[in-house]
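Some notes on the structure that comes next.
The values are calculated or read from the model by the stated rules, or taken from the named source; none is laboratory data. Being a predicted model, the structure only gives us computed values, none of them experimental. FYI the Cβ positions are ideal-geometry reconstructions off the backbone, even for glycines, and counts take in every protein chain you see.
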Amino acid sequence: MQKPEDIKGIITVLNTPFTEGDRIDLPSLRRNVGNALDAGVVGFLVPAMASEVEKLSSSEREEMVSAVLDEVDGAVPVIGGASAATQETRVEATKNLIEMGCPGVLVRVPYEGEGGYESQVREIAELEPGFLMLQDWDSEGGGVPVSLVAKLFEEVEPFKCLKVEVVPAGVKYSRVLQATGGRLHVSGGWAVTQMIEALDRGVDAFMPTGMHRIYTEIYSLYRQESREQAKELFHRLLPVLAFSNQHLDISIHFFKRLLFEQGVYSTARVREPILPFDDHHEKMADEMIERVKGITARVEGE
């Protein structure tokens, strides 16, 4: 199994495709996985917040993960998403993902104090996933204290990776890497709008949804010491990110619509409750989709 510290690049977070009958559309999911692999992604995360995970039943979550594991067939790591509303459910989901063969598991444990957070992380780690990735999500603040992250990294053997999604993310990236001597694998999720800054700070991986080929090209250019070219390509993408990253629900709407227009997903269906996507959103989304198609064609032509 690939060591988690060696997973460097783009880890795709998969939106859940639904049929018109509101079932998981497995052929569409497999097409998305195949396209992402062809684009050069280094892993997958499923299911996660962008997968509308809280609206999926436990059987749907397992069905989705199973299909991704089968389609990937060991080519890259599939990180199973075990986040849930309660610790009991997180533990049960982690057990299932380990049994299914996921080499790593991501869990978001709500931070409500150091003692409770640490005990819950340790309980999950005792299940012995191949590696444990903690999701440090805080849409309004700094998330889990850096000192606690460092303590857990030194004391909890499976904890190898941290997905940082806090405000602001940049300083947190640097402080975590400094506190762990650069040994903790750090990835960025929601703060993908600061991708070049994150690369400058030494972030290992990024977890966007969609636009696989563009993101892998930005990452590749940067790692080839072509920072200016990477920045120029990323800047062409910024209007798309400014629109899609208004809110998680808008992002879900947009990327499903993009995948539908690209012929990857058979519908752009989302599940309620979710923020509405009105006529103005649709107009802007169509314009941004054309922009993505143009950027992708240029990248593939080069």
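Table for the structure above
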| read-out | value |
| --- | --- |
| Condition met for GLY181 (in a loop (DSSP other than H, G, I, E, B) and either modelled with pLDDT under 95 or surrounded by fewer than 17 Cβ atoms within 10 Å (Cβ to Cβ) (or both)) | yes |
| Some residue of the stretch 141-159 being within 26 Å of ASN15 (Cβ to Cβ), of a type in the set (Ser, Thr, Tyr) and either out of contact with any Leu (no Cβ under 7 Å at 6 or more places or on another chain) or buried (at least 23 other Cβ atoms within 10 Å of the Cβ) (or both) | no |
| Identity of the residue in the stretch 143-162, of a type outside the set (A, V, I, L, M) and closer than 16 Å to PRO110 by Cβ, that ends up farthest from the chain's Cα centre (by Cα) | PRO145 |
| When residues of the stretch 219-238 are limited to those that are at pLDDT 95 or above and either assigned to a loop (DSSP other than H, G, I, E, B) or in contact with a Pro (Cβ under 8 Å, 6 or more places away or on another chain) (or both), the one surrounded by the most Cβ atoms within 10 Å (Cβ to Cβ) | SER226 |
| Residue in the stretch 96-130 that is farthest from SER147 (Cα to Cα), counting only those that are part of a loop (DSSP other than H, G, I, E, B) and touching a residue at least 60 places away in the same chain (Cβ under 8 Å) | PRO103 |
| Residue within the stretch 112-134 that is under 30 Å from PRO17 (Cα atoms) and among the β-branched types (Val, Ile, Thr) present | yes |
| Residue satisfying all of: in the stretch 71-95; touching a Lys or Arg at 6+ places or on another chain (Cβ under 8 Å) and assigned to a helix (DSSP H, G or I); surrounded by the most Cβ atoms within 10 Å (Cβ to Cβ) among these | ALA93 |
| Selection count where residues are part of a helix (DSSP H, G or I) and exposed (fewer than 15 other Cβ atoms within 10 Å of the Cβ), scope the stretch 239-250 | 2 |
| Set VAL144, VAL186: member being part of a loop (DSSP other than H, G, I, E, B) and either at pLDDT below 95 or under 22 Å from ALA48 (Cβ atoms) (or both) | VAL144 |
| Residue among THR209, THR216 that alone is surrounded by fewer than 22 Cβ atoms within 10 Å (Cβ to Cβ), of a type in the set (Ser, Thr, Tyr) and either touching a helix residue (DSSP H, G or I) at 6+ places or on another chain (Cβ under 9 Å) or within 19 Å of LEU162 (Cβ to Cβ) (or both) | THR216 |
| Qualifying positions in the stretch 3-23 - part of a loop (DSSP other than H, G, I, E, B) and crowded, with 23+ Cβ neighbours inside 10 Å | ILE7, LEU14, ASN15, THR16, PRO17 |
| From the options LEU238, LEU259, LEU233, residue that is in contact (Cβ under 8 Å) with a residue 60 or more places away in the chain, out of contact with any helix residue (DSSP H, G or I) (no Cβ under 6 Å at 6 or more places or on another chain) and under 18 Å from LYS293 (Cβ atoms) | LEU259 |
